[in-house]
Amino acid sequence: MNLRARSALISCFGIVAAFAAVAEARAAEYPARPIKLVVPYAAGGPTDVLGRLVGEYLGRDLKQAVFVENKAGAQGAIGADAVARSEPDGYTLFVTAASIIVLNPMLYKKLSYDPVKDFRMLALVTDLPVVMEVHPSVPARTVAEFVAYAKQNPGKLNFGSAGTGGTIHLAGEMFKQMAGIEMTHVPYKGAGPALTDLLSGNIQVMFDSMGTALPPVKAGLLRPLGVSSTQRSPDLPDVPTIAESGYPDYAVSVWYGIVAPSKLPDEIAQKISASLDRALNDDTFRASLEKIGFPVFRPRSAAAIAEFIDADRARWSAVIRAQNISLD
């Protein structure tokens with residue numbers, strides 16, 4: 001090797017070493033300024049409350065301010081796109097929902113972000129089951145009785161949702177498919193209007209999120225037939241799971257997690273993940289979420305998170321293909 005080539009090689013090694021030193025220094029001092037936590041839904045909703053509680057813990061644990069920025073719209077795609085295009089430096093994090101990572105890519109042919117290529121999952125925080133609830137006019141007190149009634153009255157049952165393509169809608173479509181019954185989907189602009197029509201009897205059934213379902217169920221205004229989790233809910237211990245009611249493969253949850261841009265350096269990702277894991281093991285943090293209806297996961301490895309999401313993706317893919325659902 002001649003002198004010029006040797007000098008060039010030494011210079012390259014020097015540049016690489018310098019970049020590595022800068023990256024290590026940034027990781028060591030992280031976080032050196034406030035962290036933005038993007039919530040892809042409006043302020044005041046359950047996802048916003050979840051995000052603020054996560055942000056409060058991260059702020060205390062990392063000893064740096066964490067502020068929430070709400071970027072609502074397009075089934076969460078607006079917030080997701082903003083985070084996907086942000087600098088991967090650990091100062092922009094994202095509260096994601098299952099629909100953003102799993103459902104949107106199946107429902108939209110054109111999506112401004114790619115959940116696999118653009119995001120790095122840092123933690124799964126919580127998942128919520130849905131409740132199969134009916135208006136009292138429906139003469140069914142169990143899932144089996146409901147299925148029998150639906151088969152005897154084809155086309156007479158309407159189920160509501162917060163909008164086409166959401167988890168609540170697809171939970172109903174999955175049940176229809178597994179039970180072999182006919183029900184007409186009635187989409188609303190949000191879960192609130194759908195619940196109002198269910199309470200008034202304009203629709204007969206809804207697969208509602210646990211937090212929304214509990215007040216009218218406990219007040220006796222609606223009748224719960226089953227929950228979508230694999231085990232009975234402590235909030236409704238006398239209500240069987242849909243799985244134990246004859247549909248063992250039925251499992252639906254609305255899960256939430258924390259993600260960052262995909263090119264986030266490993267050293268910074270590990271710091272954030274470690275802080276989130278401490279939150280998931282912290283009794284006070286867990287109690288604060290459980291108090292508002294969010295059951296809390298325990299920490300999982302990256303491989304276990306990927307396995308969880310892949311299973312959810314496979315479950316919904318079958319439903320969406322069978323019903324030919326598209327939002328484009």
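Ordering 113-122, 137-146, 302-311 by mean Cβ neighbour count within 10 Å, with the highest value first, yields 113-122, 137-146, 302-311. Once the Cα atoms are used to define both axes, helix 266-281 deviates from the longest principal axis of the chain by about 40 degrees.
Does the chain come out rounded, prolate or oblate, given a ≥ b ≥ c as the square roots of the eigenvalues of its C-alpha gyration tensor, rounded meaning a/c under 1.5 and, failing that, prolate meaning a/b above b/c? It comes out prolate by the Cα gyration axes.
Expressed as a whole percent, the accessible surface of segment 112-210 that belongs to carbon and sulfur atoms is 52, based on a 1.4 Å probe. Only lysine pairs 8 or more places apart or on separate chains count here, and in the chain those with Cα atoms under 24 Å apart total 24. Sort segment 207-328 into rounded, prolate or oblate with this rule: let a ≥ b ≥ c be the square roots of the eigenvalues of the Cα gyration tensor; rounded if a/c is under 1.5, and if a/c is not under 1.5, prolate when a/b is larger than b/c, oblate otherwise. Taking the square roots of the gyration eigenvalues as a ≥ b ≥ c, segment 207-328 is oblate. Based on Cα contacts under 8 Å between residues 6+ apart, segment 31-129 shows a relative contact order of 30 percent.
Under 1.5 on a/c is rounded, so check that first for segment 23-88, then, if it is not, pick prolate when a/b is larger than b/c and oblate when it is not; a ≥ b ≥ c are the square roots of the alpha carbon gyration tensor eigenvalues. Oblate, since a/c reaches 1.5 and b/c is not below a/b. Ordering 157-169, 238-250 by mean Cβ neighbour count within 10 Å, with the highest value first, yields 157-169, 238-250.
The values are calculated or read from the model by the stated rules, or taken from the named source; none is laboratory data. This structure is a prediction, so every number in the text was calculated from the model and none was measured. When we count neighbours, we look across all protein chains shown, and the Cβ atoms used for this are built from the backbone with ideal geometry, even at glycine. When the accessible area is computed, the model is the full protein with side chains, heavy atoms only, and any ligands, DNA or RNA have been set aside. Shrake-Rupley method; radii C 1.70, N 1.55, O 1.52, S 1.80 Å.
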